[in-house]
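Each remark here refers to the structure printed beneath this line.
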Amino acid sequence: MSLFRIVYVSDAVGDAGAGLLPLIDIIGASDRNNRRDHVTGVLMRHDNQFFQAIEGARVDLDRLMGRLRADRRHMNIRVLADARIEHRLFADWAMAQVDAPPALGRLLSGMPAEPMAKTQVERILSDTSRTMASAS
Ligand SMILES: Cc1cc2nc3c(=O)[nH]c(=O)nc-3n(C[C@H](O)[C@H](O)[C@H](O)COP(=O)(O)O)c2cc1C
């Protein structure tokens, strides 16, 4: 079965942009649904923006993107990457929530044009995945 990874950024709306409770809520639903759908990934929040990577089968990712696009806690979803992958970077995580590394701040504030953004996104994800593997 082919695996895909979608990476997007979005703008948090209202309370979703700050505090722990909105994140706990999102991670709770993500954990439940993503386990069921064999979706894995990572979510970061920085400066009122979300950055999320989701990995899984096409049908499950498309369904999740549909729910994400309908979710009023964020808007203006910009897909940075959507590609077939050989391996999951976050295989052990239904949805990991991590602090944004400085590189994400730089990416979000500059939003460089393709293909620079693509290289930066890949580096942020592989660095995060490596950090998580060494911490667990
Ligand atoms: C930034 C953000 C990331 C989210 N990530 C996920 C996710 O990975 N998986 C998921 O099922 N829902 C995620 N959600 C929640 C969905 O938009 C939606 O509310 C949820 O899937 C509905 O689940 P339910 O039908 O079980 O209540 C996210 C929401 C936001 C705002």
**OP:** Looking only at segment 10-23, count how many residues are near the ligand (Cβ under 10 Å from one of its atoms), farther than 23 Å from ALA57 by Cβ and open to solvent by less than 20 Å² (accessible area, probe 1.4 Å).
**Re:** 3
Original post:
Any residue at all in segment 6-16 that is over 15 Å from the mean Cα position of the chain (by Cα), outside any helix (DSSP H, G or I) and more than 18 Å from VAL121 (Cα to Cα)?
Top reply: yes
**OP:** Would you tally the residues in segment 80-96 being open to solvent by 70 Å² or more (accessible area, probe 1.4 Å) and part of a strand (DSSP E or B)?
**Re:** 2
**OP:** Go through segment 53-73 and give me each residue that's open to solvent by less than 10 Å² (accessible area, probe 1.4 Å) and within 9 Å of the ligand (Cβ to nearest atom).
**Re:** ILE54
Original post:
Looking at this structure, is ALA100 outside any loop (DSSP other than H, G, I, E, B), more than 9 Å from the ligand (Cβ to nearest atom) and within 15 Å of the chain's Cα centre (by Cα)?
Top reply: no
**OP:** Search segment 58-85 for residues that are closer than 10 Å to SER10 by Cα and pair each with any residue that is open to solvent by 70 Å² or more (accessible area, probe 1.4 Å) when their beta-carbon atoms are under 7 Å apart and the residues are at least 6 apart or on different chains.
**Re:** ILE77/ARG69
Subject >> Qualifying positions in segment 24-50 - surrounded by fewer than 16 Cβ atoms within 10 Å (Cβ to Cβ), touching a residue at least 12 places away in the same chain (Cβ under 8 Å) and more than 9 Å from the ligand (Cβ to nearest atom) >> reply: ARG35, HIS38, ASP47, ASN48
Original post:
When only residues in segment 44-79 that are part of a helix (DSSP H, G or I) and among the acidic types (Asp, Glu) count, which is nearest to MET1 (Cα to Cα)?
Top reply: ASP60
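The values are calculated or read from the model by the stated rules, or taken from the named source; none is laboratory data. Remember, predicted model here, so these are calculated numbers, not experimental data. All Cβ positions, even for glycine, are placed from backbone atoms using ideal geometry, and neighbour counts span all protein chains on display. Accessible surface is based on the protein model in full, side chains and every heavy atom, while ligands, DNA and RNA are left aside. Shrake-Rupley method; radii C 1.70, N 1.55, O 1.52, S 1.80 Å.
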